[in-house]
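Below is one structure, written out as structure tokens; comments come after it.
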Amino acid sequence: MNDLLPLAIVIPLAGAAVSLLAIRSRATQRVVAILCAVATTAIAVTIVVHVDRNGTATAAMGGWPGSIAINLVADRFSALMLTVGSTMLLAVLLYAIGQRADDERSRWYHPAYLVLTAGVSGAFLAGDLFNLFVFFEVLLMASYVLLTLEGTDGQIRSGTTYVVLNVVESMVLVTGVALIFAATGTLNMAELPERLAALPDGIRLGLNLLLLIAFGLKAAVFPLFSWLPDSYPAAPSPVSAVFAGLLTKIGVYAIVRTQTLLFPETNRTLLLVVAGLTMAIGVFGAIAQSDMKRILSFHIISQIGYMVMGVALGGVAAISATIFYMLHHIPVKTSLFLVEGIVERDTGSSTLDKVSGLARRSGWLAALFLIPALSLAGLPPFSGFLGKLGVVSVALDQRSWWIVAVALAVSLMTLVSMLKIFNGAFWGDPMPSQVTAGRTGVLRHHPLMSGVTVAVVTGTLAIALFAGPLYRFCERAAFDVTNTASYTAAVIR
Amino acid sequence: MSNLDGTRRSIILSETVNGLTPVLLLFSVFLTFRGHNAPGGGFAGGLVMAAAIILRYLGSGPAGIRSLRIDPIMLMGIGLALAIATGTSALLSGKGFLESTIWKLHPPLIGEMKIVSSSVFDIGVHILVVGVVMAILVAFVEADDEVARSRPAVKRPASDRSNDSDRSNEDSQR
Amino acid sequence: MSFGQAILVAVLAGAGTYLVMHRTLTRIILGLAMLGNAVNLLILTSGGTPGEAPVIGRTGEFTDPVPQALVLTAIVIGFGVLSFLLSMAYRSWTIDGNDEVEDDIADRRLADEPDEVVDHGEPT
């Protein structure tokens with residue numbers, strides 16, 4: 001069983017190797033990529049089932065004992081994230097093939113995408129800080145390639161900002177890792193809690209801040225978010241879908257992991273303020289924009305605020321709400337970008353001024369947008385309502401009234417800005433240029449893209465439908481995450 | 001643009017490179033195999049080999065690269081596949097991932113010879129690094145050719161551009 | 001950490017930060033290279049005092065091998081990132097003849113129309 005953990009990283013990497021060897025044959029590349037993505041998802045599902053039954057699974061690399069070796073660790077939280085992540089990667093891969101994002105100009109798409117998959121798996125499974133950094137770099141490197149795939153002027157311009165900021169972020173992270181090693185003599189996340197607890201408060205705070213800045217930039221929290229709305233819209237839709245759904249959430253994952261495991265006893269008032277500002281600034285930014293991709297990009301930022309809020313509140317209840325929020329947010333955000341991709345494919349634009357009346361042409365497409373949009377805003381009965389309810393009720397219990405007020409106001413404004421997209425793109429009369437296309441279904445024109453989008457949106461509905469068992473799973477995962485002793489015991493036997 | 005099109009190259013450089021290349025190649029292989037328990041390894045060895053290839057490019061121009069007739073992307077694929085296969089084969093034989101196996105051979109005349117499975121990993125890394133550097137080089141050479149063919153306008157200074165006026169306004173406000 | 005190394009880390013980090021603040025991509029790349037070297041040196045010094053290689057059979061004061069392994073990995077990653085950035089700078093130069101990092105176009109457009117922003121920005 002434990003051999004499965006490295007396989008979740010190795011299979012996509014091996015796929016990348018084969019895909020490089022088959023760089024002249026797009027058909028082979030596609031088959032290999034799909035096979036690898038399916039295999040990774042299957043492994044992730046197996047891991048999550050196994051871990052839920054038998055507790056945390058670990059794998060030590062190179063046959064060394066657990067305290068020396070490079071460890072891969074899957075507890076319920078990382079196994080769940082791995083499953084959601086690899087499922088989304090598989091869905092977006094199929095969508096990208098439907099959109100022909102892997103055409104002649106972009107023969108690097110599949111190798112880069114598979115390396116990204118390997119990096120995502122690795123980041124979720126890494127059992128020590130340095131390998132967390134390494135896998136972050138692996139997935140970042142792949143994301144650089146995907147973001148600038150076509151090498152157009154706009155992509156190079158926004159890609160430069162993205163790459164430079166992420167390189168600086170990596171350096172902050174390495175500095176933090178180096179200083180933690182200097183202070184404690186280990187980077188193994190199972191050994192660190194004990195040794196960090198023995199450090200003076202000031203040093204611990206400094207180390208914590210370094211990690212928070214690094215992961216905060218990755219997760220795009222206030223004030224480190226400005227790269228996101230600039231760079232994500234420049235990428236092709238399938239690429240920005242997976243970036244929007246997954247990459248920032250890996251930053252949140254790292255924040256949750258380090259805050260609960262390494263720095264459990266910290267005053268998080270500052271983090272709570274940051275969470276509030278992230279929500280508010282993100283939604284203000286969204287309201288000012290008039291391009292679908294940019295509005296959705298700003299919403300990523302404001303939604304990250306809710307997750308950081310859960311981390312800042314602390315405790316099992318808040319962490320389980322955060323985990324559920326992440327579980328709901330990844331597919332919802334991905335599906336919004338997928339719908340946007342269909343709109344852009346069909347009308348040639350994602351600017352609200354140039355798109356109109358799509359609901360008249362395809363009611364189904366409008367519904368596909370409306371479900372995740374309302375879920376994002378947190379309307380019952382969708383999954384977003386349950387996520388927000390979880391986070392807000394913990395805040396109420398802790399009597400942090402102001403953050404509750406901010407969270408509810410931001411939720412309302414999210415609804416306003418989602419309706420702005422809906423009014424602009426779907427309501428009203430079709431643009432004269434688009435009327436000629438007639439009433440032939442938009443969805444039927446792009447069967448694979450639509451199929452994937454329908455599947456992901458159905459998935460978000462399923463999260464709402466099975467919220468009970470899922471929420472209980474999240475509670476067990478949160479118990480795993482907050483229980484440092486069980487993590488240590490699982491890794492060092 | 002490209003002053004490496006073979007017409008303006010330096011005789012001294014190209015002759016030096018011709019002499020140096022075999023030594024560098026040998027040294028790169030030495031570094032790779034030395035890496036098991038001494039400074040060196042696949043990455044360092046691969047970089048030295050790549051440096052030899054780059055020197056050759058500087059000495060004799062793009063023709064020197066094209067004459068190699070190796071697709072760098074294939075090299076990357078082979079190297080990556082080799083490295084992964086080493087790690088996975090340990091997994092298949094019931095050991096930990098990337099765990100290395102040591103064989104001791106006694107070929108005549110040389111005495112004991114220790115072969116470690118992790119050196120296959122190093123060879124994979126070596127090939128991968130050479131492939132990556134060559135791919136970058138080939139991309140640059142191709143882009144250079146493209147630029148040379150299309151002969152774009154003279155390099156524009158930044159002040160000519162249309163949006164520069166409002167940026168300088170903004171700068172002065174800061 | 002010896003005093004000399006600390007000074008070197010500080011100088012490299014300072015010069016690197018200064019260069020990263022520029023708009024020209026080549027300078028940013030040089031700055032990132034310096035920052036990277038500063039960080040690598042910092043990792044190396046985090047291992048404590050230098051000493052013998054920790055190999056079975058040797059005696060004496062051992063040096064900590066972990067930071068050296070970390071530095072090696074960090075160097076490899078830095079190499080990859082810098083070569084990618086260099087190729088981006090080259091691409092940027094072939095597209096428009098310089099390698100300046102430009103502002104976000106949509107941001108600029110919004111900033112040019114302040115009235116509209118106020119209209120939408122006050123929903124309450």
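Of a type outside the set (F, W, Y) and modelled with pLDDT of 90 or more: which single residue out of A:V355, A:V343, A:V339, A:V332 fits that description?
Sole residue among the options that is of a type outside the set (F, W, Y) and modelled with pLDDT of 90 or more: A:V332.
Every residue, every condition in (1) charged (D, E, K, R); (2) surrounded by 21 or more Cβ atoms within 10 Å (Cβ to Cβ); (3) out of contact with any Pro (no Cβ under 8 Å at 6 or more places or on another chain); (4) not in a helix (DSSP H, G or I), yes or no:
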| position | (1), (2), (3), (4) |
| --- | --- |
| B:F33 | no, no, yes, no |
| B:A63 | no, no, yes, no |
| B:M74 | no, no, yes, no |
| B:A81 | no, no, yes, no |
| B:G94 | no, no, yes, yes |
| B:F97 | no, yes, no, yes |
| B:S100 | no, no, yes, yes |
| B:G124 | no, yes, yes, no |
| B:L128 | no, yes, yes, no |
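Quick one: which of C:R58, C:R91 is outside any helix (DSSP H, G or I), more than 19 Å from the chain's Cα centre (by Cα) and not small (G, A, S)?
Among C:R58, C:R91, only C:R58 is outside any helix (DSSP H, G or I), more than 19 Å from the chain's Cα centre (by Cα) and not small (G, A, S).
Please list, ordered by first then second residue, the pairs with beta carbon atoms under 7 Å, 6 or more apart or interchain, first in the range A:209-232 and assigned to a helix (DSSP H, G or I), second open to solvent by 40 Å² or more (accessible area, probe 1.4 Å) and among the aliphatic types (A, V, I, L, M).
A:L210/A:L179; A:G216/A:L224; A:L217/A:L165; A:L217/A:L224; A:W227/A:L165
What number of residues within the range A:451-464 satisfy the criterion of being over 20 Å from A:L93 (Cβ atoms) and either surrounded by fewer than 13 Cβ atoms within 10 Å (Cβ to Cβ) or in contact (Cβ under 8 Å) with a residue 60 or more places away in the chain (or both)?
The qualifying residues number 3.
Within 17 Å of A:I250 (Cα to Cα), at the interface with another protein chain (Cβ under 7 Å from one of its Cβ atoms) and of a type in the set (D, E, K, R): does that describe A:E137?
Here the answer is yes, as A:E137 does meet what is asked.
Tell me which residues, restricted to the range C:1-48, are in a helix (DSSP H, G or I), among the hydroxyl-bearing types (S, T, Y) and within 11 Å of chain A (Cβ to nearest Cβ).
Within the range C:1-48, C:T17, C:T45 meet the criteria.
Within the range A:359-379, can one find any residue that is within 20 Å of A:G314 (Cβ to Cβ) and touching a residue at least 12 places away in the same chain (Cβ under 8 Å)?
Checked the range A:359-379: no residue is within 20 Å of A:G314 (Cβ to Cβ) and touching a residue at least 12 places away in the same chain (Cβ under 8 Å).
Which is open to solvent by 10 Å² or more (accessible area, probe 1.4 Å), assigned to a helix (DSSP H, G or I) and free of Cβ contacts under 8 Å to residues at least 12 places away in the same chain, of A:L277, A:L270?
A:L270
From A:A317, A:A373, which residue is of a type in the set (G, A, S), open to solvent by 10 Å² or more (accessible area, probe 1.4 Å) and modelled with pLDDT of 85 or more?
A:A317
Determine, yes or no, whether A:V18 is more than 10 Å from every other protein chain (Cβ to nearest Cβ), more than 19 Å from the chain's Cα centre (by Cα) and under 15 Å from A:P111 (Cα atoms).
When the stated conditions are applied, A:V18 does not pass them.
Give the residues of the range A:140-162 that are under 22 Å from the mean Cα position of the chain (by Cα), facing chain C (nearest Cβ under 7 Å) and over 20 Å from A:R294 (Cβ atoms), sorted by residue number.
A:M141, A:Y144 - these are the residues of the range A:140-162 that are under 22 Å from the mean Cα position of the chain (by Cα), facing chain C (nearest Cβ under 7 Å) and over 20 Å from A:R294 (Cβ atoms).
Output the residue which, of all residues in the range C:64-92 that are more than 30 Å from C:T45 (Cα to Cα) and at the interface with chain B (Cβ under 8 Å from one of its Cβ atoms), is most open to solvent (accessible area, probe 1.4 Å).
C:R91
Which ones in the range A:46-65 are in a helix (DSSP H, G or I), open to solvent by less than 40 Å² (accessible area, probe 1.4 Å), without any contact (Cβ under 8 Å) to a residue 40 or more places away in the chain and over 13 Å from A:L4 (Cβ atoms)?
Result: A:G62, single match.
Kindly list the number of the only condition in (1) among the acidic types (D, E); (2) closer than 30 Å to A:W402 by Cα; (3) at pLDDT 85 or above that fails for A:E191.
In the conditions (1) among the acidic types (D, E); (2) closer than 30 Å to A:W402 by Cα; (3) at pLDDT 85 or above, A:E191 misses (2) alone.
For A:L212, only one of the following conditions fails: (1) within 26 Å of C:A38 (Cβ to Cβ); (2) within 14 Å of another protein chain (Cβ to nearest Cβ); (3) crowded, with 18+ Cβ neighbours inside 10 Å; (4) of a type in the set (A, V, I, L, M, F, W, C). What is its number?
(2)
Which residue, of A:S375, A:S335, A:S349, is out of contact with any strand residue (DSSP E or B) (no Cβ under 7 Å at 6 or more places or on another chain), of a type in the set (S, T, Y) and not in a helix (DSSP H, G or I)?
From the options A:S375, A:S335, A:S349, the qualifying one is A:S349.
Check A:V177, A:V120 and return the single one that is more than 14 Å from every other protein chain (Cβ to nearest Cβ) and more than 24 Å from B:I136 (Cβ to Cβ).
Going through A:V177, A:V120 in turn, just one is more than 14 Å from every other protein chain (Cβ to nearest Cβ) and more than 24 Å from B:I136 (Cβ to Cβ): A:V120.
Any residue that is within 12 Å of chain A (Cβ to nearest Cβ), surrounded by fewer than 21 Cβ atoms within 10 Å (Cβ to Cβ) and part of a helix (DSSP H, G or I) - is there at least one of those in the range B:40-54?
no
Every residue in the range A:320-370 that is of a type in the set (D, E, K, R) and crowded, with 23+ Cβ neighbours inside 10 Å, please.
A:K333, A:E340
Of the conditions (1) touching a strand residue (DSSP E or B) at 6+ places or on another chain (Cβ under 8 Å); (2) within 14 Å of chain C (Cβ to nearest Cβ), A:A190 fails just one. Which one is it?
Here A:A190 clears every test but (2).
Test each condition in (1) more than 14 Å from chain B (Cβ to nearest Cβ); (2) touching a residue at least 40 places away in the same chain (Cβ under 8 Å) for A:A8 and report the one that comes out false.
Answer for A:A8: the failing condition is (1).
The values are calculated or read from the model by the stated rules, or taken from the named source; none is laboratory data. Keep in mind that this is a model prediction, so the values were computed, not measured. Methodologically, a virtual Cβ is constructed for each residue, glycine included, from the backbone with ideal geometry; neighbour enumeration extends over all protein chains shown. Note: areas computed on protein heavy atoms with side chains; ligands, DNA, RNA excluded. Shrake-Rupley method; radii C 1.70, N 1.55, O 1.52, S 1.80 Å.
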